[in-house]
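The values are calculated or read from the model by the stated rules, or taken from the named source; none is laboratory data. What you are looking at is a predicted structure, and each value in this text was computed from that prediction instead of being measured. Note: ideal-geometry Cβ built from the backbone for every residue, glycine included; neighbour counts use all protein chains shown.
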């Protein structure tokens, strides 16, 4: 379906004569009462109208395919003087408002003008539509629009919690659902036909597009939609198409008035928005995407069921903490309402459970444990969780953040930048660095905040899903930037927590000699690590380590980096040793970028973790 068709232009073109005649007879009948700004003519003797221009059309949605619309026109008038002593006439312009109506089912052939008045301003429409005949629904009206849809098509879903059965819903609306492949590349996952036509579909057997006759009121769903988990399942797709039928037939009929061969709306999986300008198709997709989950999970019924499940899992799991039951509750709600896990998670957030934001997150292919934070601590496009690559880029390019990390205040653990203190950081039995339970439930106190924005090439309407989701099936690219989130941790608290550690590290740093070998000897003793333990930790021969530390062997940048990591040296101390050695990190070398990241962010972690991390990112290690 094409982008923006203008109802105003259509009315101006098709009904010009009717509008002209109506305004002309109104001016003739009311010439004495018109409020015209005249300068030369004192008494009006007659008015000739030379032209009209349609300025605005304000459309109001009515049941079925009917519409009301107010047409504002500007008329060019020639006014003659009535007193023959003054042979005067002058031209002026005046605006008029015409109340019109028509039925799109019969292509507006029943167009009528019920009244003409002088224009005094726009009348308020109770159900306004855009110039493309798309209903105007803002975010605040989505819940009531979904409830209105259910009242008309499935009222029982508003009375008791239940799964809305999409096939039954479609049937009630007089629609037929068919499963069939639509395109080879799955660029279209659902399609609704408003008129009978011959259509092309992909045929797997012959590996080509084949033509088939399609009846009006048919919804096609590509069975591959079963696998597109992060945009919702087949159920969501069918409800999505039902919304198109309910809300967008008028926009579609306008398209047909321009192009009689139009027959369908197809729903793209993703696409770009040019210069942030949304066309009618974008608005229709946004509305169908926003309304479908609200129809599948009406808010009051959803809250009722959520409350039930929370109670059930608190008892079953023997916990009073909401964060501990949030994931099983979301999964139970997804199963109950027959929606995807993501749709249930977003609905929980709509219902006011901000704890749901920190659930089911996957970063760098790994599951991030549920976490929560004070209400309102994050905007919708902010996150505490960040992938390693983004973390590396941020810590190099963002000076303010780099300073925080280099002084040892924050370390990278569990896909978060966390305040480096035992209150927030712990080790499990395998020596893996983790967030403490306290940290996971007080993220705003100890973690840096990042701002997300989707890189170009992905429709803006999926932002909410992507930001909240970022799950393992998400193919969205993010631009991530650090946004001074550390203000949540009170400076005095931070200072007090870190004072001892930092003071000790600074004492050692200030005592370091300029010889890198002497520095290595000193920090090995400070860390109380034997050559044997270090050799085991970094998997380098004990004799080799001794020879490097004693200056008998030069070693390499790799061996110096490994020794610094094996001794878990703070970034400042590592960089002093490397700076005074015969080697340096070269940031044109991919491995070196990751060495720097490990030295800066991962130094408190176990060598197993660091080694795995470096291998995953293609960094060579000894």
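Summary of values
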quantity	calculated
Residue in region 109-121 that is farthest from residue 41 (Cα to Cα), counting only those that are surrounded by 14 or more Cβ atoms within 10 Å (Cβ to Cβ) and at pLDDT below 95	119
Selection status of residue 219, under 32 Å from the mean Cα position of the chain (by Cα), at pLDDT 85 or above and closer than 19 Å to residue 289 by Cβ	yes
One residue from 437, 414 being surrounded by fewer than 19 Cβ atoms within 10 Å (Cβ to Cβ), under 24 Å from residue 605 (Cβ atoms) and at pLDDT 70 or above	437
Some residue of region 78-94 being buried (at least 18 other Cβ atoms within 10 Å of the Cβ), assigned by TED's automatic domain parsing to the domain that holds residue 20, closer than 24 Å to residue 123 by Cβ and within 48 Å of the chain's Cα centre (by Cα)	yes
Some residue of region 363-385 being in the same structural domain as residue 433 (by TED's automatic domain parsing), modelled with pLDDT of 80 or more and more than 26 Å from residue 166 (Cβ to Cβ)	no
In region 62-76, the residues that are touching a helix residue (DSSP H, G or I) at 6+ places or on another chain (Cβ under 8 Å), in a strand (DSSP E or B) and surrounded by fewer than 19 Cβ atoms within 10 Å (Cβ to Cβ)	66
Test: residue 37 is touching a helix residue (DSSP H, G or I) at 6+ places or on another chain (Cβ under 9 Å) and in a loop (DSSP other than H, G, I, E, B)	no
For residue 406: the one exception among (1) over 16 Å from residue 599 (Cβ atoms); (2) at pLDDT 70 or above	(1)
